[in-house]
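A short write-up of the structure that comes next.
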Amino acid sequence: GRCYCAMGIIYGAMEQYRAALENFEEGLSASRRADRSQLAVTITGNIGHVYFKTGRYSEAMECFQHALEYYKFTDNSHGAGNVLSGMAGIHVFQGEYSKGLELARRAMDLHKKAKQTRGIAVSMMNVGIALMKMGELEKAKVELKKALNYCRSIHLKMTEHDVLKQLSEVCAELGDTKESEHYLDQYIDAQQEEKKLSVKRKAY
């Protein structure tokens with residue numbers, strides 16, 4: 001079950017969502033047969049994220065709700081924070097920005113409680129995105145700058161790249177062309193560096 005879960009995560013990171021879903025479903029079946037409820041719930045949440053990425057929002061929400069009930073029952077702040085982040089994303093993509101903002105902030109509080117730095121960083125970014133979608137551009141810019149500084153303080157490169165992209169967009173909407181280009185240039189440089197590293201990894 002754990003191996004299938006790990007392979008599902010890898011396929012998901014590669015955006016091979018069909019393969020990710022197949023592995024998660026195998027992992028879920030195995031974890032249930034082994035009576036591993038914690039692993040089953042983790043995989044259910046992962047399936048929810050795949051559904052979210054592929055636009056199957058109602059199915060994703062069902063997975064997240066199921067996982068959230070378990071995490072609340074077991075007082076798992078980290079797990080609950082991850083699930084709430086996914087739910088926040090669904091609300092934002094469906095245009096329910098206030099709900100998305102509320103859940104993103106709740107997720108951040110839970111990740112802080114669990115001292116999960118990546119979760120904190122992602123939640124900070126999600127708060128900024130929700131504010132941007134609501135038209136609160138100045139507030140969004142402030143929150144995204146906080147997220148960028150936090151990512152850099154803990155050397156969280158992948159999330160930093162995502163924040164740079166969002167900062168470039170919000171600055172462009174504010175008419176701050178020079179600042180938008182500044183963040184966009186950093187984002188492009190980061191993407192090019194990541195491609196170089198990827199080529200090196202494949203060479204070895």
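Please report the accessible area of Cys5 (heavy atoms, 1.4 Å probe, ligands and nucleic acids excluded) in Å², nearest 10.
In the full protein context, Cys5 sits at about 10 Å².
Given points 7 Å out from each Cα along the Cα-Cβ axis, report the His155 to Lys178 separation in nanometres with one decimal.
Rounded to a tenth, the inter-label distance reads 3.4 nm.
Tally up the carbon and sulfur contribution to the accessible surface of region 1-128 as a whole percent, 1.4 Å probe, everything protein left in place.
50 percent
Determine the per residue accessible area of the chain with all protein chains present and a 1.4 angstrom probe, expressed in square angstrom.
Accessible area per residue, the chain: 58 Å².
Of Lys99/Lys141; Lys99/Lys195; Lys112/Lys133; Lys113/Lys195; Lys72/Lys165; Lys72/Lys195, which sit over 29 Å apart, Cα to Cα?
Lys99/Lys195; Lys113/Lys195; Lys72/Lys165; Lys72/Lys195
Please report the accessible area of Ser77 (heavy atoms, 1.4 Å probe, ligands and nucleic acids excluded) in Å², nearest 10.
Surface open to solvent at Ser77 totals about 20 Å².
Using only Cα atoms, tell me the angle between helix 117-133 and the longest principal axis of the chain; keep it within 0 to 90° and round to the nearest 10.
Around 60 degrees separate the two axes.
When the Kirkwood hydrodynamic radius is evaluated over all pairs of different C-alpha atoms of region 1-133, what value in angstrom, to one decimal, is obtained?
Evaluated on region 1-133, it is 14.7 Å.
The values are calculated or read from the model by the stated rules, or taken from the named source; none is laboratory data. It should be emphasised that the depicted structure is a prediction, and the values quoted were computed from it without experimental measurement. For neighbour counting, all protein chains shown are included, and Cβ atoms are generated from backbone atoms with ideal geometry for every residue, glycine included. Note: areas computed on protein heavy atoms with side chains; ligands, DNA, RNA excluded. Shrake-Rupley method; radii C 1.70, N 1.55, O 1.52, S 1.80 Å.
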